[in-house]
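The values are calculated or read from the model by the stated rules, or taken from the named source; none is laboratory data. All values derive from a computational prediction rather than experimental measurement. Don't worry about glycine lacking a Cβ; one is built from the backbone with ideal geometry, like all the others, and counts go over all protein chains shown.
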Ligand SMILES: NC(=O)c1ccc[n+]([C@@H]2O[C@H](COP(=O)([O-])OP(=O)(O)OC[C@H]3O[C@@H](n4cnc5c(N)ncnc54)[C@H](O)[C@@H]3O)[C@@H](O)[C@H]2O)c1
């Protein structure tokens, strides 16, 4: 197996793309620390991994909590004795046109999509520096087509997903010396609860807030027809793009953004 014995952290691994990434990396032999805000889906992902003979542990909590980065990196090291792959995936959207966007909405997106990955990577540094490996470690930060091209109603999210690309590129230049590849995957339209066709009432609960999600049917149809492959991607297909940046075959690729969007170009 390509990732035999590697220790991976996946944030937001309880649902959608993060869950699929955790299952994929575990199926290739990685031992996985699954994080999610919500305990039940995180435990479910870990159970599926254990049920298939893999190893997984759970680290529940918001990636935006001040103590979180220390907790999850310590969990990987204490539980599995390593820290080889970090996938910064946890996130959500909180849309509004700019004139109606609150500071709270703006800050929430920067906190979850950029500040949390920054803190996790900063917390990982001492272990990575002190424990050199003969293989390459991997960081994959999750961005979005919205961060590359901008989406209306997403000034907060687009900015944060663009910023995580800056973080990726800077860190690839700092961490080459430690044999760490740092890349980003920007997703186009992937079928998850964030992108379901709206019924008008679709909300998700994030840290005590009810947040509207989903995409209007007309917009969804237009978005799908603009995709050269003609359809949204599945979570498993999205996980495949992350996996490519975690295997040894991508050891000479760093500081790059892989657009996983069914042929979209931005
Ligand atoms: N679905 C798409 O089309 C799409 C497109 C581009 C980028 N993305 C990005 O992919 C990532 C995964 O999104 P998804 O579509 O799988 O969504 P999802 O809602 O299906 O899964 C995201 C998971 O992250 C968790 N999460 C949210 N905030 C968290 C926090 N503060 N701390 C810990 N966990 C938290 C949620 O509980 C959820 O289980 C996100 O970063 C998202 O912005 C998704």
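For beta carbons closer than 6 Å, sequence separation of 6+ or different chains, a first residue in the range 64-77 that is at pLDDT 95 or above and a second that is assigned to a loop (DSSP other than H, G, I, E, B), the qualifying pairs are 68/61; 76/83; 77/83. When 258, 266 are screened for being closer than 22 Å to residue 89 by Cβ and surrounded by 15 or more Cβ atoms within 10 Å (Cβ to Cβ), only 258 passes.
Only one of the listed residues (128, 85) is within 18 Å of residue 12 (Cα to Cα) and crowded, with 19+ Cβ neighbours inside 10 Å. That residue is 85.
Could you please find all residues in the range 145-194 being surrounded by fewer than 20 Cβ atoms within 10 Å (Cβ to Cβ), closer than 27 Å to residue 224 by Cβ and in contact with a strand residue (DSSP E or B) (Cβ under 6 Å, 6 or more places away or on another chain)? Selection gives nothing.
So which residues in the range 179-236 are part of a helix (DSSP H, G or I) and either without any contact (Cβ under 8 Å) to a residue 12 or more places away in the chain or more than 11 Å from the ligand (Cβ to nearest atom) (or both), if there are any at all? Within the range 179-236, 217, 218, 219, 221, 222, 224, 225, 236 qualify.
From the list 65, 90, 108, the lone residue that is buried (at least 20 other Cβ atoms within 10 Å of the Cβ) and more than 21 Å from residue 6 (Cβ to Cβ) is 108.
Of everything listed in (1) without any contact (Cβ under 8 Å) to a residue 40 or more places away in the chain; (2) in contact with a helix residue (DSSP H, G or I) (Cβ under 7 Å, 6 or more places away or on another chain); (3) surrounded by fewer than 24 Cβ atoms within 10 Å (Cβ to Cβ), the single unmet condition for residue 47 is (2). Against the test of being buried (at least 24 other Cβ atoms within 10 Å of the Cβ) and within 14 Å of the chain's Cα centre (by Cα), the options 22, 42 yield a single qualifying residue, 22. Could you go through the range 27-37 and let me know if any residue there is in contact with a strand residue (DSSP E or B) (Cβ under 6 Å, 6 or more places away or on another chain), part of a helix (DSSP H, G or I) and near the ligand (Cβ under 10 Å from one of its atoms). Within the range 27-37, not a single residue is in contact with a strand residue (DSSP E or B) (Cβ under 6 Å, 6 or more places away or on another chain), part of a helix (DSSP H, G or I) and near the ligand (Cβ under 10 Å from one of its atoms). Enumerate the pairs (first residue in the range 93-107 and more than 21 Å from residue 196 (Cα to Cα); second residue anywhere and at pLDDT 95 or above and more than 14 Å from the ligand (Cβ to nearest atom)) with beta-carbon separation below 6 Å, excluding pairs fewer than 6 apart on the same chain, so at least 6 apart or on different chains. Once the first residue is more than 21 Å from residue 196 (Cα to Cα) and sits in the range 93-107, its partners that are at pLDDT 95 or above and more than 14 Å from the ligand (Cβ to nearest atom) give 98/155. Scanning the range 160-178 for residues that are within 14 Å of the ligand (Cβ to nearest atom), in contact (Cβ under 8 Å) with a residue 40 or more places away in the chain and touching a helix residue (DSSP H, G or I) at 6+ places or on another chain (Cβ under 7 Å) gives 160, 161, 163, 164, 165, 167. Counting residues in the range 161-172 that are closer than 30 Å to residue 39 by Cβ and part of a strand (DSSP E or B) gives zero.
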